[in-house]
Each structure stands twice: as C-alpha cells, then as structure tokens.
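In what follows, a structure is listed as structure tokens, so that the remarks can point back to it.
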Amino acid sequence: MPPTVLTARALLLDMDGTLVNSDAVVERCWRRWAVEHGLDPEAALKVVHGRQGYATMAVLLPDRPVEENHADNRVMLAEETADVEGVVPIGGAPAFMAAIAELPHALVTSADTALATARMGAAALPMPAVRVTAEQVGASKPDPEGFLKGAAELGFDAADCVVFEDSEAGIAAGRAAGMRVVGVGPRAAALAPDVHVEDLTRVRVEAAANGSIRLHIDAA
C-alpha cells in the first residue's frame with residue numbers, strides 16, 4: 001500500500017504521547033491522586049490524556065469547586081515536573097524533529113512551560129521556538145483554542161496546518177480547529193484521525209520547492 005501524502009504549510013505538535021512518552025510519570029501521579037480522592041485509578045487514567053489537569057479533575061469530580069481543581073492542578077504540575085523517570089522520546093521523534101527544524105512548526109501542549117521544558121529536555125528533543133502552553137490558553141483541549149493560537153503565531157490559516165496528536169481530547173481539538181490530524185500511537189488508533197501511525201518512524205518529511213511541507217505517511 002503506497003504512503004498517504006499530506007501537504008501542509010505548518011505543523012502543530014502535541015507533546016505527551018506524540019513526541020514524548022511520559023506515560024510512566026502520568027500514571028504514577030494520577031494513580032496517586034485518584035486513590036487520595038477515593039476514585040478508581042483505572043477509570044481515571046482513561047480520561048487524563050490530552051487535557052490540562054484541572055479539566056481532568058472536573059470530569060472525574062464534577063461537583064467539586066473549580067478553585068479546588070486549580071489548586072490540585074498546581075500541585076500535580078509541580079510533581080510531574082520534578083519526576084522525569086522513564087520519560088523517553090516516541091519512536092522516530094528525534095529524526096522527525098531534526099527534519100522539521102527549519103520548517104514552520106509549533107508545540108501545542110496542555111503542559112505548562114516548566115513541565116514542557118522538563119519533558120522535552122528529558123527526552124533530549126529540541127524545544128520549538130513557537131509554543132502554546134497551558135499558561136497561554138483559557139480553555140483546555142478538546143477546545144481548539146491552543147491549535148488556533150499556534151496557527152496564528154506561525155501566520156497560517158487553520159486549513160493549512162496538520163496536527164500531530166495521540167489523545168481523544170487532542171484529536172477532537174484539532175478537528176474543531178478545522179485542521180487535518182495525524183494520530184500517533186495506540187490511543188489514537190480507535191479515534192478516527194485522518195491518518196494513523198504507530199509512531200513517528202512512519203513519517204517522512206519533504207520540504208517542497210514552493211515552501212509547503214509534504215508528509216509521506218506509512219500507515220501500514
């Protein structure tokens with residue numbers, strides 16, 4: 001089966017699960033939080049990926065005051081930032097980031113700046129010059145705000161951007177922004193992105209003469 005080819009002007013990249021495998025840290029921190037609040041850890045882990053922490057807490061404890069969720073989220077962010085044990089790059093991420101280094105791209109993550117810096121550093125991946133982190137948005141994914149801000153900062157229309165995402169909330173955000181979505185990893189497989197890959201070894205980047213980006217994607 002020949003590769004799928006997507007043409008874009010800019011790429012918008014999620015971090016956790018897309019560029020960086022931080023599942024070990026996420027599971028440690030959220031299991032602990034769930035147990036402390038009398039919740040089933042396995043049920044909690046089904047909704048934590050892709051959202052900011054306070055938004056996950058609002059899903060899990062819908063009757064709790066939002067101020068308490070934000071307070072817990074600050075504690076959670078500090079714990080996650082301090083814990084980088086087991087944080088590694090997603091397969092193919094170093095070569096992918098090297099291939100797009102001179103092309104328009106931005107990081108769009110639900111992590112704050114400190115956490116994003118810690119995890120990208122632990123995975124030995126370069127931090128994109130343009131990034132939209134938790135501090136810069138008023139609404140968490142699945143709201144499209146982050147992706148729309150990333151496109152605007154790069155100077156491109158939404159339709160000219162391709163999103164790389166792994167989570168249900170992230171893929172929904174990319175779709176809501178009017179962008180095409182490459183789903184990365186096992187979580188994305190059942191979420192019907194435009195195209196799905198096991199990891200970034202399946203993506204070859206070509207810079208076209210007209211300034212566009214051609215993504216050759218082996219979804220097999």
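The values are calculated or read from the model by the stated rules, or taken from the named source; none is laboratory data. Since this is a predicted model, take the numbers as computed values, not measurements. Cβ sites come from the backbone with ideal geometry, for glycine too, and all protein chains shown count toward neighbours. With ligands, DNA and RNA removed, areas are computed over all heavy atoms of the protein, side chains included. Shrake-Rupley method; radii C 1.70, N 1.55, O 1.52, S 1.80 Å.
Quick check, is GLY138 out of contact with any Phe, Trp or Tyr (no Cβ under 8 Å at 6 or more places or on another chain) and either open to solvent by 60 Å² or more (accessible area, probe 1.4 Å) or under 20 Å from THR56 (Cα atoms) (or both)? Outline the logic, then answer.
Details: out of contact with any Phe, Trp or Tyr (no Cβ under 8 Å at 6 or more places or on another chain): yes; either open to solvent by 60 Å² or more (accessible area, probe 1.4 Å) or under 20 Å from THR56 (Cα atoms) (or both): yes.
Considered against the rule, which asks whether it is out of contact with any Phe, Trp or Tyr (no Cβ under 8 Å at 6 or more places or on another chain) and either open to solvent by 60 Å² or more (accessible area, probe 1.4 Å) or under 20 Å from THR56 (Cα atoms) (or both), GLY138 comes out as yes.
Checking each residue in the range 187-212 for being of a type in the set (A, V, I, L, M) and within 20 Å of the chain's Cα centre (by Cα) picks out ALA188, ALA189, ALA190, LEU191, ALA192, VAL195, VAL197, LEU200, VAL203, VAL205. ALA159 meets each of the listed conditions (1) open to solvent by less than 60 Å² (accessible area, probe 1.4 Å); (2) closer than 22 Å to THR4 by Cβ apart from (1).
Checked against (1) open to solvent by less than 40 Å² (accessible area, probe 1.4 Å); (2) part of a loop (DSSP other than H, G, I, E, B), ASP143 passes all but condition (1).
Counting only residues that are in contact with a Phe, Trp or Tyr (Cβ under 9 Å, 6 or more places away or on another chain) and surrounded by 18 or more Cβ atoms within 10 Å (Cβ to Cβ), the range 171-191 holds 8 of them. The set of residues in the range 112-142 that are touching a helix residue (DSSP H, G or I) at 6+ places or on another chain (Cβ under 6 Å) and within 18 Å of ALA172 (Cα to Cα) comprises VAL132, THR133, VAL137, ALA139, SER140, LYS141, PRO142.
Remark: pairs (first residue in the range 190-219, closer than 23 Å to ALA169 by Cβ; second residue of a type in the set (D, E, K, R) and at pLDDT 95 or above; Cβ separation under 6 Å; 6+ apart in sequence or on different chains) = ASP194/ARG180.
Residue by residue, here is whether (1) of a type in the set (A, V, I, L, M); (2) over 13 Å from the mean Cα position of the chain (by Cα) holds:
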site: ALA124; (1), (2): yes, yes
site: ALA134; (1), (2): yes, no
site: ALA139; (1), (2): yes, yes
site: PRO144; (1), (2): no, no
site: LEU148; (1), (2): yes, yes
site: GLU165; (1), (2): no, no
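So which pairs qualify, if the first residue must be in the range 145-162 and under 12 Å from LEU11 (Cα atoms), the second must be part of a helix (DSSP H, G or I) and open to solvent by 60 Å² or more (accessible area, probe 1.4 Å), the Cβ gap must be under 7 Å, and the two must be at least 6 apart or on different chains? Pairs found: ALA158/LEU148. Of all residues in the range 78-94, those satisfying the criterion of being of a type outside the set (Ser, Thr, Tyr) and free of Cβ contacts under 8 Å to residues at least 40 places away in the same chain are ALA78, ALA82, PRO94.
Consider the range 24-59 and keep the residues that are at negative phi and touching a residue at least 60 places away in the same chain (Cβ under 8 Å). The one that is most open to solvent (accessible area, probe 1.4 Å) is ARG51. When THR7 is tested against (1) touching a residue at least 40 places away in the same chain (Cβ under 8 Å); (2) of a type outside the set (D, E, K, R); (3) surrounded by 22 or more Cβ atoms within 10 Å (Cβ to Cβ), just one condition goes unmet, and that condition is (3). The set of residues from the range 65-105 being within 16 Å of TRP30 (Cβ to Cβ), among the charged types (D, E, K, R) and open to solvent by 30 Å² or more (accessible area, probe 1.4 Å) comprises ASP72, ARG74, GLU79, ASP83, GLU85.
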